[in-house]
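First comes the structure, then the notes that go with it.
The values are calculated or read from the model by the stated rules, or taken from the named source; none is laboratory data. Note that the structure is predicted; figures quoted are calculated from it, not measured. Note that each Cβ is placed from the backbone with ideal geometry, even for glycine, and that neighbours are counted across all protein chains shown. When the accessible area is computed, the model is the full protein with side chains, heavy atoms only, and any ligands, DNA or RNA have been set aside. Shrake-Rupley method; radii C 1.70, N 1.55, O 1.52, S 1.80 Å.
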Amino acid sequence: MRRKLVVGNWKMHRTREANARLIEGILKGRPFAGDVVVCAPFPFLGDLAAMLKGQDVALGAQDCSAHEQGAHTGEVSASMLAAFGCRYVIVGHSERRADHHESDKIVADKAKAALAEGVTPIVCVGETLAQREAGQTEAVVTRQLSTVTHTLAQHISKIVIAHEPVWAIGTGKTATPEQAQAVHALLRARLAAVTPHASELRLLYGGSVKADNARSLFSQPDIDGGLIGGASLKASEFVAICKAGA
Ligand code: PGA
C-alpha cells in the first residue's frame with residue numbers, strides 16, 4: 001500500500017516574513033493521512049528547517065546541482081540541502097527544463113546526486129500541449145523516464161516521479177483524472193520493466209491541482225498524490241489538498 005504524498009512547490013514566491021504564517025497554518029491543519037512536504041526557495045531553507053524541526057511536515061528544495069562540489073557558481077549541492085534538513089528535492093521541473101535548458105541527462109544526474117546524499121529526488125516528467133496534440137505524450141514521458149531509469153539503475157525504486165503536463169501548470173487547466181491516470185499507468189508499466197518495486201513507487205500528478213479537484217485525481221489507482229504550485233501558497237487550500245489524499 002503506497003502512502004499518499006503531497007508536495008508544495010513554492011517556486012519563486014513568498015517572503016521571509018510571511019513564511020512563518022503559512023507554515024503555522026499548514027501545521028494547524030494536521031493530522032494528515034499521508035506525507036506532506038514543502039519545497040521552498042534556497043534562502044528560506046534555514047528558517048524553515050528550524051520551523052519544521054520535529055514536525056511531521058518535511059522540507060524540500062526545488063533543484064540541486066548534478067555536481068558533488070566544486071567551481072559551479074550559483075549552484076547548490078545535494079549535500080548542502082541535506083545539511084539543512086531537506087529530505088526531498090524537485091529535479092527536472094518543466095520550468096527548469098525550459099528556462100535553463102536542462103536535458104534529460106542533466107535531470108537524471110541531479111537525481112543521482114540527490115540520492116547519493118540521502119535526499120529523495122522528485123523527478124518531473126511531462127508533455128507540452130503541442131506534444132499531446134501530436135499524440136506524442138507516451139513517447140515524451142517514456143524518453144524522459146528512461147534516461148532516469150538508465151542512470152539510476154536499481155536505485156530507481158528510491159525516487160518519486162511527478163507527471164506534470166506542461167499545459168496544465170499554472171494555467172487552471174487540469175488533466176482529467178482519466179487522462180492523468182492513463183499516463184501514470186504507462187509510467188508504472190515502464191517502471192515495472194526495470195524494477196521489481198514498481199508497485200511501491202509513488203507517482204504524483206501536478207498541474208493546477210486545487211482543493212476541489214484533488215480528491216478525484218488522487219483516487220485514481222496510479223496517482224499517489226500531487227505536486228502543487230499555486231495552491232500550495234495558501235494554507236487552507238494546501239491543507240484541504242493534503243487531506244484529499246486520505
Ligand atoms: P500549479 O504548478 O499547481 O500552479 O499548476 C504545479 C507545478 O508547477 O509544480
(request) Take the Cβ-Cβ distance between HIS72 and ALA153 as r, set R0 to 22 Å, and report the resulting FRET efficiency rounded to the nearest 0.05. (result) 0.30
(message) Can you give me the distance in nm between label points at THR128 and ASP47, each placed 7 Å from the Cα along the Cα-to-Cβ direction?
(response) 3.6
(request) Just read off the accessible area of THR15 with the full protein assembly in place, 1.4 Å probe, to the nearest 10 Å². (result) 70
(request) Please work out how much length the chain gains when fully extended from SER216 to ALA182, using 0.36 nm per residue of separation minus the C-alpha to C-alpha distance, in nm with one decimal. (result) 10.8 nm
(request) Taking H placed 1.01 Å from N in the peptide plane, check which residues at least 5 places from VAL91 or on another chain put their amide H under 5 Å from its amide H. (result) ILE122, VAL123, CYS124
(message) Applying a 10 Å radius around every beta-carbon, put 143-150, 72-79 in order of their mean neighbour count, most first.
(response) 143-150, 72-79
(request) Report the accessible area of LYS158, computed with a 1.4 Å probe over the heavy atoms of all protein chains in place, in Å² rounded to the nearest 10. (result) 110
(request) Keeping every protein chain in place, order PHE32, PHE238 by accessible area at 1.4 Å, biggest value first, i.e. largest first. (result) PHE32, PHE238
(message) Can you compute the FRET efficiency between ALA139 and ALA246 using 1/(1 + (r/R0)^6), with r the Cβ-Cβ distance and R0 = 35 Å? Round to the nearest 0.05.
(response) 0.50
(message) Run lengths n ≥ 4 of DSSP H only: what is the helix-derived mean residue ellipticity at 222 nm for the chain, with -39500 (n - 2.57) per run over all residues, to the nearest 500?
(response) -12000 deg cm²/dmol
(request) Might you work out the accessible area of MET51 for me, using a 1.4 Å probe with all protein chains in place, and round it to the nearest 10 Å²? (result) 60
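How much length would be gained if the chain were fully extended between GLU17 and LYS234, taking 0.36 nm per residue of separation minus their Cα-Cα distance, in nm to one decimal?
76.6 nm
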(message) Exceeding 18 Å between C-alpha atoms, which entries from my cross-link table qualify? They are LYS110/LYS158; LYS11/LYS243; LYS112/LYS158; LYS28/LYS53; LYS11/LYS210; LYS28/LYS243.
(response) LYS11/LYS243
